[in-house]
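Structure first, then comments.
Please treat every number below as a calculation from the coordinates, not as lab data. This structure is a prediction, so every number in the text was calculated from the model and none was measured. Glycine gets a Cβ as well: all are built from the backbone with ideal geometry, and neighbour counts include every protein chain shown.
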Amino acid sequence: MAEWIAACAAGDIDPEDVIPFGHAGRAYAIYRSPDDTYHATEGHCTHEQTLLCDGLVEGGVIECPKHNGRFDYTSGKALGAPVLVDLRTYPVKVENGTVYIDVG
Amino acid sequence: MGKERLQRYSLAGPENQAATAAGLAGADWFRSDVPRKRMKELMRRSDYPAIRDTVIWLGLIAASGGLAIAFWGTWWDLPIFLVYGTLYGSTSDSRWHETGHGTAFKTRWLDEGLYQLASFMIMRDPTIWRWSHARHHTDTLVLGRDPEIAAMRPARLARLIANFAGLVDVPIAFRLMFLHAAGRLSPDEADFVPEPERHKVYRTARIHLAIYAVTIALAIGLRSWLPVLLIGGPRLYGAWLLNVYALTQHAGLGENVLDHRLNTRTVKMCTVNRFLYWNMNYHVEHHMFPLVPYYRLPELHEEIKHDCAPVYPSIWAAYREIIPAILRQLRDEEHYVRRELLPGATPLHVPTPANDGRGLPLAAATAA
């Protein structure tokens with residue numbers, strides 16, 4: 001069941017960047033692509049639980065700041081060692097300048 | 001002593017569980033505060049620096065290799081092979097390292113291509129060592145967890161010295177290549193290489209062994225050492241510089257600490273050494289922020305140097321500390337080099353009371 005949560009203002013994220021978001025004890029990462037589309041994944045790398053919000057966002061990929069594990073942040077797909085497990089992704093919508101994610 | 005020491009550093013020994021129980025495995029490490037905007041600038045990649053440096057590097061290897069063939073049988077070959085062998089057998093280490101992190105090039109296939117080539121040259125399986133190095137970054141100098149501790153405490157001195165001629169690394173590399181080609185891993189490797197990745201290890205070992213078999217067959221067919229001196233051999237006679245550089249990274253420093261400012265050195269080096277070593281001398285910076293490509297590390301150094309221990313002004317200065325520390329550790333295994341942070345630096349990161357930096361074996365300490 002959908003549970004839309006207001007996460008941040010659309011302008012809080014620079015193009016091609018990521019910010020952290022916490023809700024109900026869980027960490028999320030919210031991305032803004034160069035084309036101004038917004039995406040959300042779980043906040044920790046699936047390899048060793050490092051927060052992804054300090055990582056590098058480039059070309060649709062988030063790279064973990066600890067071991068350089070790479071994920072497609074639009075699909076959550078792990079792109080090779082040392083990350084083998086995909087990230088969970090969450091639906092995102094932008095309404096009236098606010099980014100909402102469905103954490104349901 | 002020998003067996004006990006090996007067990008302390010083994011990933012398959014009791015220290016692994018002890019480190020995990022003490023909260024030292026996969027722990028939270030200190031990082032200096034660098035504004036996100038600045039970090040984004042520093043993390044940005046470009047193909048140009050690594051393409052330029054790789055063209056020069058491969059060009060030097062090809063030129064010195066060509067000269068070695070041209071002057072084969074003359075005394076000129078001694079200095080020529082010294083250059084060729086050092087470029088092949090030592091500086092492939094830094095290329096392996098940077099491309100293994102995936103930070104050298106912006107274009108992925110360039111990075112992966114150089115990683116495969118450098119892995120072959122340095123005689124490291126590209127899959128095993130990607131995982132090994134990830135663990136080294138997770139648990140740097142944590143006993144029972146870090147598979148890349150170069151100098152144990154006390155050091156295995158004869159092996160350290162012999163390895164300046166590759167006499168430890170190369171036999172181990174071939175033993176492991178045969179093991180992997182047979183479809184098996186060592187117990188330590190099994191601790192950090194996930195099952196789905198292992199088939200790559202077995203396949204690569206068979207390819208590498210096939211290349212060496214062709215090289216040896218050529219040497220026998222031509223009745224000449226030349227093929228072996230050009231392929232594989234440099235990992236022996238050209239390995240000296242690799243070890244000169246590598247020991248500066250962590251040797252003699254504190255174990256089981258969660259702050260790279262305590263267990264890692266940044267050493268100032270001249271332009272030539274920085275080209276050969278691809279700026280790996282900025283090692284504290286690299287461990288703290290592994291996403292920063294080698295050509296941006298000098299800038300990162302400027303950002304965080306106030307927050308670290310003093311930098312070593314030269315390789316010589318580092319060795320003036322390393323050699324006495326290693327020699328003293330032969331008699332006193334609790335000795336280590338304690339790094340003092342600069343005034344005003346963020347205080348030491350000591351999230352667990354289990355260790356004060358001496359790196360005493362946790363399992364033994366618990367038993368006592």
Ranked list, fewest to most other Cβ atoms within 10 Å of each Cβ, for B:Ser46, B:Ser132: B:Ser46, B:Ser132
Cβ-defined net charge surrounding A:Asn68, 14 Å radius [Lys, Arg +1; Asp, Glu -1]: 0
Which far-off residues, 5 or more places away or on another chain, put their amide H under 5 Å from the one on A:Ala40, with H placed in the peptide plane? A:Tyr31, A:Tyr90
Can you tell me the relative contact order of region B:218-298? Whole percent, Cα pairs under 8 Å, sequence separation 6 or more. 19 percent
GNM on chain B, Cα springs under 10 Å; top mean-square fluctuation among B:Gly73, B:Gly232, B:Gly89 goes to B:Gly73
Label-zone membership for region A:54-78, site A:Asp102, 7 angstrom Cα→C-beta point, backbone N under 19 Å: A:73-77
Pop the C-beta distance of B:Arg328 and A:Ala24 into the FRET formula with R0 = 51 Å and round what comes out to the nearest 0.05. 0.45
By a straight-distance test (C-alpha under 24 Å), which lysines pair with A:Lys93 as possible cross-link partners, with residues fewer than eight away in the same chain excluded? A:Lys77
Considering only DSSP beta bridges with both partners in the protein assembly as shown, what is the antiparallel share in %, to the nearest 5? 95 percent
Whole-Å distance, taken between Cα centres, linking region B:16-34 and region A:30-104: 24 Å
Can you tell me the relative contact order of region A:18-102? Whole percent, Cα pairs under 8 Å, sequence separation 6 or more. 22 percent
Estimated 222 nm signal from helices in the protein assembly as shown, with DSSP H stretches of n ≥ 4 weighted -39500 (n - 2.57), rounded to 500: -13500 deg cm²/dmol
Region B:139-197 and region B:73-134: distance between their alpha carbon centers, rounded to Å: 17 Å
How high is the FRET efficiency between A:Val85 and B:Arg206 when r is their beta carbon distance and R₀ equals 25 Å, given to the nearest 0.05? 0.35
Selected from B:Ala19, B:Ala309, B:Ala345 as most flexible by GNM, with chain B as the system and alpha-carbon contacts under 10 Å: B:Ala345
Choose one answer from B:Lys37, B:Lys106, B:Lys200: the residue with the largest mean-square fluctuation in a GNM of chain B with alpha-carbon springs under 10 Å. B:Lys37
Of B:Val83, B:Val55, how do they rank once you tally other Cβ atoms within 10 Å and put the fewest first? B:Val55, B:Val83
What length, rounded to one decimal in nm, is gained on full extension from B:Asp47 through to B:Thr271, with 0.36 nm per residue of separation minus their alpha-carbon distance? 78.6 nm
If we count other beta carbons within 10 Å of each Cβ, what is the order of B:Glu195, B:Glu333, A:Glu3, fewest first? B:Glu195, A:Glu3, B:Glu333
Going Cα to Cα from A:Lys66, which lysines come in below 17 Å? Please leave out same-chain ones fewer than 8 positions away. B:Lys40
Multiply the residue separation of B:Arg5 and B:Glu148 by 0.36 nm, subtract the distance between their alpha-carbon atoms, and state the gained length in nm to one decimal. 50.0 nm
Suppose a student asked you for the relative contact order of chain B, using Cα pairs under 8 Å spaced at least 6 residues apart; what percent would you report? 24 percent
Here, B:Arg338 and A:Asp36, labelled 7 Å along Cα→Cβ, have an inter-label distance in nm of 5.8 nm
